1. Out of A:T42, A:T31, A:T56, I need the residue that is among the hydroxyl-bearing types (S, T, Y) and without any contact (Cβ under 8 Å) to a residue 40 or more places away in the chain. Which one?
2. Sort out which residues of segment A:197-230 are at positive phi and in a helix (DSSP H, G or I), and write them in order of number.
3. Name every residue in segment B:64-109 that is in contact with a helix residue (DSSP H, G or I) (Cβ under 7 Å, 6 or more places away or on another chain), among the small types (G, A, S) and more than 9 Å from chain A (Cβ to nearest Cβ), in order of residue number.
4. Considering only residues of segment A:182-209 that are β-branched (V, I, T) and touching a Leu at 6+ places or on another chain (Cβ under 7 Å), which is nearest to A:P18 (Cα to Cα)?
5. From B:S145, B:S181, B:S167, which residue is surrounded by fewer than 20 Cβ atoms within 10 Å (Cβ to Cβ), of a type in the set (S, T, Y) and closer than 29 Å to B:I67 by Cβ?
6. Go through segment A:1-39 residue by residue and tally those that are hydrophobic (A, V, I, L, M, F, W, C) and within 14 Å of A:P117 (Cα to Cα).
7. With the condition being within 23 Å of the chain's Cα centre (by Cα) and at pLDDT 95 or above, I'd like the helices (runs of 4 or more DSSP H) fully within segment A:1-66 carrying at least 2 qualifying residues.
8. Could you grab me the full set of residues in segment B:77-112 that are under 19 Å from the mean Cα position of the chain (by Cα), part of a helix (DSSP H, G or I) and of a type in the set (K, R)?
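The values are calculated or read from the model by the stated rules, or taken from the named source; none is laboratory data. None of these values were measured; they are calculated from a predicted model. Neighbour counts are summed over all protein chains in view; Cβ atoms, including those assigned to glycine, are modelled from backbone coordinates with ideal geometry.
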Amino acid sequence: MSLLNTPFWEVFLASFDPAAWKSLVPAIWETLYMVGITCVITLVGGVILGLILTVTNTFGLLPIVWLNRSLSAVVNCLRSLPQMIMIILMIPVARMILGKAYGVNACIIALAASCIPMFARLVESSLLEIEKGKVDAAKAMGSSSFQIIFRIMIPETLPSLIRGFTVAIIAVISMTALAGNFGAGGIGDIAVRFGFQRFQHEVLFAAVYVLVALVQLVQFAGDAASKILLKKRHLI
Amino acid sequence: MNEYIRIEKLRKTFKTDRVCLEVLKGVDLKIEKGDVCGIIGFSGAGKSTLARCVNRLEEPDSGKVFIGDVDITSLAKRDLNIERRKIGMIFQTFNLFESMTVKRNIAYPLEIQGVAKARVKERVDGLLELVGIKEKGKAYPAQLSGGQKQRVGIARALANDPNVLLSDEATSALDPQTTLSVLELLKEINQKLGLTILLITHELEVIKYACKSMAILEDGVIAERGGVDEIFSNPNSAAGRIFLKVYQDMRRNPSYSGGEGI
């Protein structure tokens, strides 16, 4: 059913028809799998990279200027690549690691390479928000740098870190849909193959519903988690 | 003389890209055990920097700081962390950890050393009682008033049973009434626990009320040092005379300082 020869209203109704969802439902699971794995990798990688960027800067806990500058340069390089180019660039890398350049797992490499640097910058900006006085107080009590990072800096900035992670998850979702175009599978793949190449616009609509619902859900959960923490601490 | 804290020829310069700001230009100061020593100076005189050099939150460029027999300035990082546990510090902005309840804030300095839970609990309860906020243990810092926050700050600074308490403008963000009660608490702690207090302030009233001895820091050096009554009756330095004049003007005109004229 195409918008070219069918009224919008009929396509809209057809998008709720089980026929439109038949190929979409398995793709949803693929997407959730990709997003899930990538988010875990992004979370771990981004927090580690963001922490290193924060503590090694000139005014940080453990200033190591050369490390900070070189990591920062690498992050900037990775971030300057548009996601589509990153996906293409990672094709040989995926072939090297996994033996094949298509499929769900191959795409995760590209997603992580693009999302880790982005989330690392969000982590960095959250961690830099902490009042310097709190770190001073922790230092004055004889805390080690490790204790300051894990007992003070991360817990104190947790609501902001959660909001940053929410942004990152949503970026992962949108990039997953893009990766569908390059043989990753998932919702993006269905939307392109059916909705674009075969003019089955009802499937395209259905794919849009799923993506919108997914993003709304993530944003809602992230906001709620951050709000619960702030409420508990009586900061709002 | 039983000198406990000895600061010798302490120098500190802050360098930014273009300017060099020499804040401490060779500070010499001796403080007896059990003293409450007030350090007063104009904004930018280097008071806070001086206090922060004592526990090396700022690294001095040269000079020495001794507490007891320990040369703080030559300690390696690990030893410094152990020594810092014996130097409590309270701040103008309180710097409580907002992710923790009052109890956990006070327990933090003990927890990072791995003190047993039961002992931590006992100690925290005792400290809450000492600073007079027993009922606030389960509250979060954001729920407290300024005076209560500073009481938590004091309890936290005392958790390790320190020998020295550094007070960096601890009452400057508080109203006169609360200032008075916090100073009262500091005096009480000084008497009960016998710890030496270094009290940084820009208000002569605070010194008059709480300190046994005082020093005037002017332009990066100690301009005057002596007993509080001594300096109040006969200030020798220019800064001392200005502070005293403002202080006397305020007394004559209580509306200056918010009515109470503490």
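1. A:T56
2. Matches in segment A:197-230: none.
3. Matches in segment B:64-109: B:A107 only.
4. A:V203
5. Of the residues listed, the single one that is surrounded by fewer than 20 Cβ atoms within 10 Å (Cβ to Cβ), of a type in the set (S, T, Y) and closer than 29 Å to B:I67 by Cβ is B:S181.
6. 1
7. The qualifying helices (runs of 4 or more DSSP H) are A:24-55.
8. B:R84
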